[in-house]
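**Student:** One structure, pasted below without further comment.
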Amino acid sequence: MVKRKDVVFTGFALFAMLFGAGNLIFPPMLGHNLGSSWGIAALGFVVTGVGFPLLGLIAAVHTGPELDDFAKRVSPLFARSYITILILTIGFFLAMPRTGATAYEMTLQNVGDTNPIHKYIFLVCYFLITWMFSLRANKVVERIGSILTPVLLIILAVIMYQGIFHPFSVPETVALEEAPFKIGFIQGYQTMDTLATIVYSAVIMKSIRHGRNLSQEEESSFLWKSSLIAVGLLACVYGALTYIGATFSGFETVGNTDLLSQIVRNLLGDFGNIILGLAVAGACLTTAIGLVATVGDYFEKILPFSYRTIVTVTCIAGFVFSNFGVQTIIQVAIPILVVLYPISMMLIFLNLLQKYMKNDMVYRIIIVLTTMFGLYQAYSL
């Protein structure tokens, strides 16, 4: 028998897992760029930034214990290639380096220190710490995360209260070339949470199943109810941040982290801005450690290299790519995510409906067509 409090606690746990510190920088910029159309854009953002990650988690429950099982009905070769690309995307080329760039821009750059030497020193220290903790699996990182997440949420609650009840201005009407929902939908790709939940599904489900003896039907019901709570919480946070960004739609800004810093500085002052920057940087560091460890764990099994070697190469790559800055990483990510996200979303739907899909050829045809669509979209950018 599932208790209501267990459903609620698990819903909050899922919220904490999906609420990445780096994701804070996207909703305000979305609102800033779309002005009075912020509501429809926020809905699109929530669909891909919240809805699909949780659907991906539910779909992964029904596919099997191994990562490659998520796409194995297309073909074993495709499954291995797909998961490899996912892990390289979130843990090597894009998401992990972006944590370092975000940490730097929310701390040193945030207080006006743009000295390139200081930037290199900061990022060397950041990835050295990431490397050290990735080699030593212990409870320290979890404890740091358990402290930083509440701090981040408290600051965020204050920002949301101030921004909603004492808005900077009225959202301006902005001329748009595309539908607001589509813009928000594609912006939600940047969270990369759909890709992350596919990769981390086994770890997340292990924590959910711990101490509970549930049938498959009870587990599915439990997960759906918990997911709805997480969706509601994340939708409120992302929606509020999008609105606050829209109230700054007449504000001059140079990038995602700069806009967030300006918003917080206006709402909470310099001290609040510094505290938020430190909390975000710390949370980004714990995320980076988890991502690097994931890269090491996966590639150690399929490559003739040690875990230590893979982790070392990954941290060096993170240092190199993070030097390009958040905005450059975001721009590079767009065509990659425009290809990967449709494939991932279609695999989620196919796995949710797999008991009705008796022929694997259906999987192959749909994925081939989806891949062609994604490549065309990326080429058209």
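**Student:** For the chain, what is the calculated [θ] at 222 nm in deg cm²/dmol (nearest 500), taking -39500 (n - 2.57) for each run of four or more DSSP H residues and dividing by its residue count?
**Tutor:** The per-residue figure over the chain is -25000 deg cm²/dmol.
**Student:** Then there is this: How far apart, in nm, are the 7 Å Cα→Cβ label points at Leu278 and Ser36?
**Tutor:** Rounded to a tenth, the inter-label distance reads 4.2 nm.
**Student:** Okay, next question. Starting from 0 in steps of 5 Å, tell me what percent of the Cα-Cα pairs of region 295-346 lands in each bin.
**Tutor:** Calculated P(r), rounded to whole percents: 4, 18, 15, 14, 20, 21, 8.
**Student:** Still on this structure, please answer the following. Putting +1 on Lys and Arg Cβ atoms and -1 on Asp and Glu Cβ atoms, find which of Gly11, Leu278, Thr102 reaches farthest to the positive end of the dipole of the chain.
**Tutor:** Positive-end residue among those listed: Gly11.
**Student:** Sticking with this one: With an 8 Å Cα cut-off and a minimum separation of 6 or more residues, compute the relative contact order for region 12-112 in percent.
**Tutor:** In percent, rounded to a whole number, it is 16.
**Student:** Compute the angle between helix 76-88 and the longest alpha-carbon principal axis of the chain, please, reported from 0 to 90 degrees and rounded to the nearest 10.
**Tutor:** 20
**Student:** With θ set to phi - 60° and the Karplus curve 6.51 cos²θ - 1.76 cosθ + 1.60, what are the ³J(HN,Hα) couplings of region 212-226 in order, to the nearest whole Hz, using x for Gly and Pro?
**Tutor:** In residue order, the calculated couplings are 10, 10, 10, 6, 4, 5, 5, 5, 5, 5, 4, 5, 4, 5, 5 Hz.
**Student:** So what is the relative contact order for the chain, in percent, with contacts set as C-alpha pairs under 8 Å and at least six apart?
**Tutor:** Computed over the chain, the figure is 39 percent.
**Student:** Along the positive direction of the dipole of region 4-380 (beta-carbon charges: Lys, Arg +1; Asp, Glu -1; about the Cα centre), which of Leu30, Met346, Gln262 reaches farthest?
**Tutor:** About the Cα centre, the residue reaching furthest to the positive side is Met346.
**Student:** So what's the angle, to the nearest 10 degrees on a 0 to 90 scale, between helix 52-61 and the longest Cα principal axis of the chain?
**Tutor:** 30
**Student:** Here is a follow-up. Please list 3J(HN,Hα) in residue order for region 239-255, calculated via the Karplus relation 6.51 cos²θ - 1.76 cosθ + 1.60 where θ = phi - 60°; whole Hz, with x for glycine and proline.
**Tutor:** x, 5, 5, 5, 4, 4, x, 5, 6, 9, 5, x, 8, 7, 8, 10, x
**Student:** Taking the Cα centre of the chain as origin and charging only Cβ (+1 Lys, Arg; -1 Asp, Glu), how large is the dipole, in debye to the nearest 20?
**Tutor:** Using only the charged Cβ atoms, the result is roughly 980 debye.
**Student:** May I ask for the percentage of alpha-carbon pairs in region 189-273 that lie more than 15 Å from each other?
**Tutor:** So the pairs more than 15 Å apart make up 73 percent of the total in region 189-273.
**Student:** Work out how much length Val170 to Tyr376 would gain on full extension: take 0.36 nm times their residue separation and subtract the Cα-Cα distance, in nm to one decimal.
**Tutor:** On the way: separation 206, 0.36 × 206 = 74.16 nm, distance 3.81 nm.
Contour length minus Cα-Cα distance gives 70.4 nm.
**Student:** What translational D, rounded to a whole number of µm²/s, comes out for the chain from Stokes-Einstein when the hydrodynamic radius is the Kirkwood one over Cα pairs, at 37 °C and 0.692 mPa s?
**Tutor:** The diffusion coefficient I find is 154 µm²/s.
**Student:** Given R₀ = 45 Å, what would the calculated FRET efficiency be for Gln327 paired with Arg136, taking r from the Cβ atoms and rounding to 0.05?
**Tutor:** 0.85
**Student:** Same structure, new question: Using the Cα gyration tensor of region 34-109, with a ≥ b ≥ c the square roots of its eigenvalues, what is the shape: rounded (a/c below 1.5), prolate (a/b larger than b/c) or oblate (neither)?
**Tutor:** Oblate shape, in that a/c is at least 1.5 and b/c is the bigger or equal ratio.
**Student:** Helix 95-106 versus the longest principal axis of the chain: what is the Cα-based angle in degrees, 0 to 90, to the nearest 10?
**Tutor:** Value to nearest ten degrees: 10.
**Student:** Lys/Arg Cβ at +1, Asp/Glu Cβ at -1, dipole of region 230-368 taken about the Cα centre: which of Gly290, Pro304, Gly245 is farthest positive-ward?
**Tutor:** Pro304
**Student:** Using only Cα atoms, what Kirkwood radius does region 54-178 have, in angstroms?
**Tutor:** 19.2
**Student:** If you don't mind, another one. Using a Debye calculation, one point per C-alpha and no hydration shell, please list log10 I(q)/I(0) for region 262-317 at q = 0.26 Å⁻¹ in order.
**Tutor:** Log-scaled intensity ratios, in q order: -0.93.
**Student:** Starting from the Kirkwood radius over alpha-carbon pairs of region 143-251, derive D by Stokes-Einstein at 25 °C in a medium of 0.890 mPa s and give it in µm² s⁻¹.
**Tutor:** 143
**Student:** Considering amide H positions built from the backbone, and no H for Pro or chain starts, which residues 5 or more places from Val174, or on another chain, come under 5 Å of its amide H?
**Tutor:** Excluding prolines and chain starts, which carry no amide H, the hits are Ser36, Ser37.
The numbers here are math on the coordinates, done by the rules we state, and not lab data. Bear in mind that the values here come from a model prediction, so they are computed numbers and not experimental data. Glycine gets a Cβ as well: all are built from the backbone with ideal geometry, and neighbour counts include every protein chain shown.
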